[in-house]
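A.B. asks: Following this message is one structure expressed as structure tokens.
The values are calculated or read from the model by the stated rules, or taken from the named source; none is laboratory data. Not measured: the values here are computed from a predicted model. Virtual Cβ from ideal backbone geometry, glycine too; neighbours counted across all protein chains shown. For accessibility, only protein heavy atoms count, side chains too; no ligands or nucleic acids. Shrake-Rupley method; radii C 1.70, N 1.55, O 1.52, S 1.80 Å.
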Amino acid sequence: EGNLKVEQNGQYGVINIKGTTIIKPEYESIIADGYYDEETKYERAGFILRIKTDDGYKFGYADRKGKIILEPLYNEVSRITEITGDDVFLITANNGRYGVVKNGKEVLKNDFTDINFDQNNNLLILQKDSSWGVVDLEGNNIVPIDYDNIIIGGKYINAQKGEDTLIFDASGNNIDTDILSYNQVNDNYAIVINKDNNYNIVDNAGNKKLNENYTYIEYLNNDEFIVTIDGKTGIINAEGNSIIEVNYNAIQQIDGTNALQAVDSENNRTDIIDKDMQIHEKKQTI
């Protein structure tokens, strides 16, 4: 946003559209970090810097105003662009080990085999050699780095060790539940998956709303859900009442519209379902 990459004597820098130097042309390469939000667009994006040394390429980072946050000392630098706001979180790597820096301050040392960001809960999933764990964005322990695998199920963290799986919430509390995945879909309901891979809908009090064991549930809007059971698909409300009978092989949104298409392969037919859940057009499937 309003910045230009410039080259001088084979080195790159950044100026703004008024010609003011943001970053001196001292780097072998400069790229924007890719940060974007709806309010400021690319205005808060910073810059990943690269130099060439006898030991290969080294990477650093400058903020949007050109302030050097990290000197080019790392084998890799990338920004966690899913974290919105003024804080800049960077994943750094040296010699195959990863760490995290927040606004130039080290949060996690370069001790980890892998680091992934969980956008649902604003948590960092860490791998250290063969062990996995979870910390928050300040580096505080949520799930100890002592498990064979970590799987995120919406608001729930599945920590697997051997044949056992423990369930934690995003604050690190161990929960006694048969639910492995909890995804809040609106203010009133969440879609859950239990250990037998059956789907259900729960309200905010944790009450299961459906008696059937559905093999798939997808939120549509308001209190309407696309469901699949025994290989057939239909639409129900949160109380389990049928809106569109479970007679179709597939129901999916038509891009750019409020309509759905429902495919009935056995009868070689595709029905169109409007936003009021009315089937008002039928056509033969070619």
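A.B. asks: Assess whether Leu108 counts as being modelled with pLDDT of 95 or more, under 19 Å from the mean Cα position of the chain (by Cα) and surrounded by 14 or more Cβ atoms within 10 Å (Cβ to Cβ).
C.D. replies: Numbers: modelled with pLDDT of 95 or more: yes; under 19 Å from the mean Cα position of the chain (by Cα): no; surrounded by 14 or more Cβ atoms within 10 Å (Cβ to Cβ): yes.
No.
A.B. asks: Which ones in the stretch 130-154 are surrounded by fewer than 18 Cβ atoms within 10 Å (Cβ to Cβ) and of a type outside the set (A, V, I, L, M)?
C.D. replies: If the condition is that a residue be surrounded by fewer than 18 Cβ atoms within 10 Å (Cβ to Cβ) and of a type outside the set (A, V, I, L, M), then Ser130, Ser131, Asp136, Glu138, Gly139, Asn140, Asn141, Pro144, Asp146, Asp148, Asn149, Gly153 are the ones that fit.
A.B. asks: Any chance the stretch 54-72 includes a residue that's in a strand (DSSP E or B), charged (D, E, K, R) and in contact (Cβ under 8 Å) with a residue 40 or more places away in the chain? Outline the logic, then answer.
C.D. replies: From the stretch 54-72, those in a strand (DSSP E or B) are 56-62, 68-72; that's our starting set.
With charged (D, E, K, R) added as a condition, the list becomes 58, 71.
Checking which are in contact (Cβ under 8 Å) with a residue 40 or more places away in the chain leaves us with none.
Among the residues of the stretch 54-72, not one is in a strand (DSSP E or B), charged (D, E, K, R) and in contact (Cβ under 8 Å) with a residue 40 or more places away in the chain, which makes the answer no.
A.B. asks: Could you check Asn213 against (1) within 14 Å of Ile193 (Cα to Cα); (2) open to solvent by 80 Å² or more (accessible area, probe 1.4 Å); (3) touching a Ser or Thr at 6+ places or on another chain (Cβ under 9 Å) and say which number it fails?
C.D. replies: (3)
A.B. asks: Moving on. In the stretch 77-175, which strands (runs of 3 or more DSSP E) lie fully inside it and hold 1 or more residues that are of a type in the set (Asp, Glu) and out of contact with any helix residue (DSSP H, G or I) (no Cβ under 6 Å at 6 or more places or on another chain)? Working first, answer last.
C.D. replies: Working: elements: 89-94, 97-102, 105-112, 114-118, 123-128, 131-136, 141-147, 149-153, 156-161, 164-168.
By residue number, 105-112, 114-118, 131-136, 141-147, 164-168.
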